[in-house]
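Reviewing the structure listed below.
The values are calculated or read from the model by the stated rules, or taken from the named source; none is laboratory data. Here the structure is a predicted model, which is why all the values come from computation and not from measurement. Cβ coordinates were reconstructed from backbone atoms using ideal geometry, including for glycine residues, and neighbour counts include every protein chain displayed.
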Amino acid sequence: MRKVTALGMRARPARNTTLMELSAELPAIVLSRLLGIHISRAEKWTKEAGSIRAGYAAELSRRKAFRSSS
């Protein structure tokens with residue numbers, strides 16, 4: 001990012017906007033694994049974006065448990 005800044009361009013706003021958009025679309029665990037960021041940081045971005053996917057992993061595990069018991 002230093003090279004970009006040296007050219008007079010600001011990369012941080014674009015980075016933050018992209019993270020916010022991804023956080024609104026993806027569950028925190030997917031965001032964490034995709035970008036290589038810590039899960040707690042991904043959860044913070046997801047909450048900040050107002051994502052309603054907070055229960056995604058729990059819902060998915062319930063579905064798997066239901067299928068295996070049937």
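Scanning region 1-12 for residues that are assigned to a helix (DSSP H, G or I) and exposed (fewer than 11 other Cβ atoms within 10 Å of the Cβ) returns Arg2, Lys3, Ala6, Arg12.
Among all positions in region 13-33, there is no residue which is part of a loop (DSSP other than H, G, I, E, B) and at pLDDT below 80. Residues that are surrounded by 13 or more Cβ atoms within 10 Å (Cβ to Cβ) and at pLDDT below 75 occur at least once in region 57-70.
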